[in-house]
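Beneath this line is the structure, given in C-alpha cells, with notes to follow.
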Amino acid sequence: MSSGDAVVIGVGNEYRRDDGVGVAVLAELPGKVPPGTRLVLSDGEPAGLLDAWSGAGLAIVVDAVYCEPSTPGRIWRSTVDGLPPSVRASSSHALGIPDAVRLGAALEKMPDRLVVLAVEAADLDLGTGLSGPVSAALPEIVRVVLAELGSSDGPG
C-alpha cells in the first residue's frame, strides 16, 4: 500500500474532556506521519466515517470509549477487515464505529484495512482537557498510530 492510501481519523469532541482524545492525537501527528497520510477529525457519525475512510488502503480510527469497570488510559486495538465486529464497543457517541462498519460493509465503502484504537475514558463531562490517565497515555497512542502507519518517527 502506498502511504497516500492511509487516513487517521480522530473521533471526538475536545469540549467533552476525554472524548477529545482523538482530537489530541491528531494534533500530535503533523510532521510525523508518512507523506500523503490524511488526518481527519470526525464527530463519529457513521456517514462522516464512511466519507473519511472510503477507498483508503488503511484507516486508523482513534476514539474514546467508556467501560465499566474502567481502566482510564488503557488502549484497545481492534482490526476489522471489511466485516462487522461480533462485539460492540461502547463508544462515547450515540452511534459509533460498529454502526459505521455495518453500514460501510453493506454499502461497500470500507477501507482495505481498518484499525480501531479505543481509549478508555475517565471523564466524558463537559469541559476541556484530558484526564490525567488519558493524557499520560497520549504518547503511547501516538506511538501505536505511527507503528500502524509504518513510520519510524515516534513521539518526542
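Any read-out appearing in this document is the output of simple, stated calculations on the displayed coordinates, not a laboratory observation. Quantities reported herein were computed from a predicted structural model and do not represent experimental measurements. Ideal geometry is used to build each Cβ from the backbone, glycine not excepted, and the neighbour counts take in all protein chains shown.
A compact table of results
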quantity	calculated
Signed unit charges on C-beta, dipole axis of the range 1-80, positive-most listed residue Val62, Gly36, Asn13	Gly36
Nearest-0.05 FRET efficiency for Tyr15 and Arg143, computed from C-beta distance (R0 30 Å)	0.70
Packing-based exposure ordering (other Cβ within 10 Å, fewest first) of Trp76, Trp53	Trp76, Trp53
Pair-distance profile P(r), taking every C-alpha pair of the range 3-149, with 5 angstrom steps and integer %	2, 11, 22, 24, 21, 13, 6, 1
Within the range 3-149: Cβ-based charge dipole about Cα centre, in debye rounded to nearest 20 (Lys, Arg +1; Asp, Glu -1)	260
